[in-house]
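The next block holds one structure in the form of structure tokens; read it before the comments.
The values are calculated or read from the model by the stated rules, or taken from the named source; none is laboratory data. Keep in mind that this is a model prediction, so the values were computed, not measured. Don't worry about glycine lacking a Cβ; one is built from the backbone with ideal geometry, like all the others, and counts go over all protein chains shown. These area figures cover heavy atoms from the full protein model, side chains too; ligands, DNA and RNA do not enter into them. Shrake-Rupley method; radii C 1.70, N 1.55, O 1.52, S 1.80 Å.
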Amino acid sequence: MKHHNVKLMLPMLLCFASLCVSAHDFEVDGIYYNITSTEDLSVKVTYDGGFADSGTSYSGNVTIPKSVKYEGETYRVTSIGYKAFSKCSQLISVSIPESITNIGDSAFYQCGGLQKVIVPNLAAWCTISFVNQYSNPLYYAKHFYSDANTEIRDLIIPEGVRKIGNYAFENGLFQTVTIPGSVEDVWI
């Protein structure tokens, strides 16, 4: 009887082990990626080979690049995936490039140590699709920067921005917010 139980459990264990190991396709400079399209050469940031929510992937100051090279190809970094930074309590700052268009469900969930969100291109930030408030690192950091040293206290949305996405400025500490007439859709 015991022999049959082992036969049934072995395939389940192998399946579970493969899920843990395949959380990312590759890693470059301490950042983990999944290939999202081989046709347009795009990737998303994800967590390491452990479980999402492990909080072990990222710490310190993380700068997400616009593109990354892997196996002779240059991939555009276009999104941050589901729970990619979730529970990374040692994460201090994150710099998000203009190439990011989508940030997945709970990507920054419980990042209590996060102090800075660095966004060099404010117009691009306005167009990011955030799945929920925990997708936005600003929800925890509260401090929004245009570079490593310049905090934005008076938020001025650039002229020409037509839409400000849902949760784009969730929980940010701003003294004033100026929205130009070009904005047709606001979710602040």
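Residue count for segment 76-90 satisfying the condition of being touching a strand residue (DSSP E or B) at 6+ places or on another chain (Cβ under 6 Å), open to solvent by 20 Å² or more (accessible area, probe 1.4 Å) and over 14 Å from THR36 (Cα atoms): 0. Would you confirm, using the coordinates I've provided, whether ILE96 is at pLDDT 95 or above, closer than 22 Å to ASP48 by Cα and among the hydrophobic types (A, V, I, L, M, F, W, C)? Judged against the criteria, ILE96 is a match. Quick one: in segment 154-175, which of the residues that are outside any loop (DSSP other than H, G, I, E, B) and modelled with pLDDT under 95 is most open to solvent (accessible area, probe 1.4 Å)? Ranking the candidates gives LYS163 first. Taking (1) open to solvent by 40 Å² or more (accessible area, probe 1.4 Å); (2) at pLDDT below 95 in turn, GLU73 satisfies each apart from (2).
Candidates SER93, SER129, SER135: the one that is hydroxyl-bearing (Ser, Thr, Tyr), in contact (Cβ under 8 Å) with a residue 12 or more places away in the chain and surrounded by fewer than 18 Cβ atoms within 10 Å (Cβ to Cβ) is SER129.
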